[in-house]
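See structure below.
The values are calculated or read from the model by the stated rules, or taken from the named source; none is laboratory data. Worth saying up front: this structure is predicted, and the values here are computed from it rather than measured. Here the Cβ positions follow ideal geometry from the backbone for every residue, glycine too, while neighbour counts run over all protein chains shown.
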Amino acid sequence: MTRSARTGGRPRSVLAPIILSAILAAAGRGAAQSLPGEAPHPEEFHCPPPPPDRPDFTEALAWIDFPRFGLFVPVYEGVEESTLRRGAGHVPGTSLPGARDDYRNCVIAAHRTTYFSPLESVGKGDVFSVITPAGVEEYVVDRTLVVTPRHVELEEPTPEKRVTLVTCTPFNYLGSAPRRLVVLASLRDGSTGK
């Protein structure tokens, strides 16, 4: 068998870096490289910046502190792509984080490939905090659901104060994932927001 037959007609020097890059990426080592003619994937999209020592409310409405995962992420208004690259986004039309209103369901979304990647391992009973300028509220995860993007009823008002975290799933899916992981959490007993 000739070299051309073994390599599909391409010189070996072109295939070696591509194969090595794929092996290293699969093993979790090194950065995956783009194929010739492809735009490189922005690394900051997959690697959130390190969290600050203290919450900054200059632009953020709130911060989510999920100690089990070492997650400390700002929550901004809106769910536009530019917002979700900076942190999590508050879904417009739902209760504001920490607000005392009749809506009572604060929905927060983030990408599975960045800020909400730890949610793949979230379970019932996990505790996280929502920090606002008004104080800190602790929430306990009641359950998780996997739904289609059409299940918008999970954004509707609730009789009890709740935070609903949403991200895409499956977590290992390449491209735009077809389902949503929904984490439903209720206000922890005794948590007053002060």
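Have a look at T114, T158 and point out the one that is in a loop (DSSP other than H, G, I, E, B) and within 19 Å of the chain's Cα centre (by Cα). Show your work before the answer.
On the way: T158 fails: within 19 Å of the chain's Cα centre (by Cα).
Criteria check complete, one pass: T114.
Scan the stretch 114-130 and tell me whether some residue there is surrounded by 17 or more Cβ atoms within 10 Å (Cβ to Cβ), farther than 15 Å from V183 by Cα and at pLDDT 70 or above.
yes
Can you tell me which condition D102 does not meet? The list is (1) assigned to a strand (DSSP E or B); (2) surrounded by fewer than 22 Cβ atoms within 10 Å (Cβ to Cβ), and all the others hold.
Only one criterion is unmet by D102, namely (1).
May I ask you to list the residues in the stretch 71-86 that are in contact (Cβ under 8 Å) with a residue 12 or more places away in the chain and part of a loop (DSSP other than H, G, I, E, B)?
G78, V79, R85, R86
Being at pLDDT 50 or above and not in a loop (DSSP other than H, G, I, E, B) is true for just one of I23, I64, I19. Which residue is that?
Working: I23 fails: at pLDDT 50 or above; I19 fails: at pLDDT 50 or above.
The match here is I64.
Taking the conditions exactly as written (at pLDDT below 95 and small (G, A, S)), does G93 satisfy them or not?
Answer is yes for this residue.
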